[in-house]
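Structure first, then comments.
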Amino acid sequence: MRGIIQDLQSDGDDVTVLDLEAGLEHLKRGTASSSDTLLVVAEPYYRSLETATRAADLGRELGIGRVGIVANKVRDDRDANAISQVFEPRGLPVLGVVPFDQSVVLADQTPAALIDIAPDSPAVRAVEALVDRLGPRPPAPGSG
């Protein structure tokens, strides 16, 4: 898997988005080691925050240049603050906040993608804002 990912990223002109299985296994194996950005999805629950903290730490250990947090299933300011209080003191910015969105639940009950079923849903808008916030890719390590 690592070799396939490196081949995909060797061009330098394309963007490759990997949606890795939840958990730490891919990071422990170094699957994402050639990535320049790692977005760790964290939900406002203890176990999720604990796992996301370990994932972010592993990403830093792999030398990934930009590691940030995406808060997911956020219902209110209390949820958003809980996530920020865990990660921001560790120097891990919360780059995006995806609200809890009933449209996601409905989309999961069909074979269609959320963006096809509810393109204006709060979750879709939040992901679009995250993409805009990420902006241009950082330069590859060793390039000018």
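Give the residue that is nearest to V127 (Cα to Cα), with candidates limited to residues of the stretch 24-59 that are in a helix (DSSP H, G or I), open to solvent by 40 Å² or more (accessible area, probe 1.4 Å) and modelled with pLDDT under 90. My answer is H26.
Scanning the stretch 105-126 for residues that are open to solvent by less than 70 Å² (accessible area, probe 1.4 Å) and under 19 Å from V41 (Cβ atoms) turns up V105, A107, A113, L114, S121, P122, A123, V124, A126. Quick check on the stretch 60-75. Is at least one of its residues under 20 Å from A129 (Cα atoms), in contact with a helix residue (DSSP H, G or I) (Cβ under 7 Å, 6 or more places away or on another chain) and modelled with pLDDT under 90? No, the stretch 60-75 has no match at all. Just so you know, in the stretch 86-104 the residues that are in a helix (DSSP H, G or I) and under 11 Å from S121 (Cβ atoms) include one that is least open to solvent (accessible area, probe 1.4 Å), and it is S103.
Counting only residues that are without any contact (Cβ under 8 Å) to a residue 12 or more places away in the chain and over 16 Å from the mean Cα position of the chain (by Cα), which one in the stretch 60-77 is most open to solvent (accessible area, probe 1.4 Å)? Across the stretch 60-77, the extreme among qualifying residues is E61.
The values are calculated or read from the model by the stated rules, or taken from the named source; none is laboratory data. These figures come from a predicted structure and were not determined experimentally. Because the Cβ atoms are built from the backbone with ideal geometry, glycine has one as well, and the counts that use them run over all protein chains shown. For the accessible areas, the whole protein counts, side chains as well, though only heavy atoms, and no ligand, DNA or RNA atoms are used. Shrake-Rupley method; radii C 1.70, N 1.55, O 1.52, S 1.80 Å.
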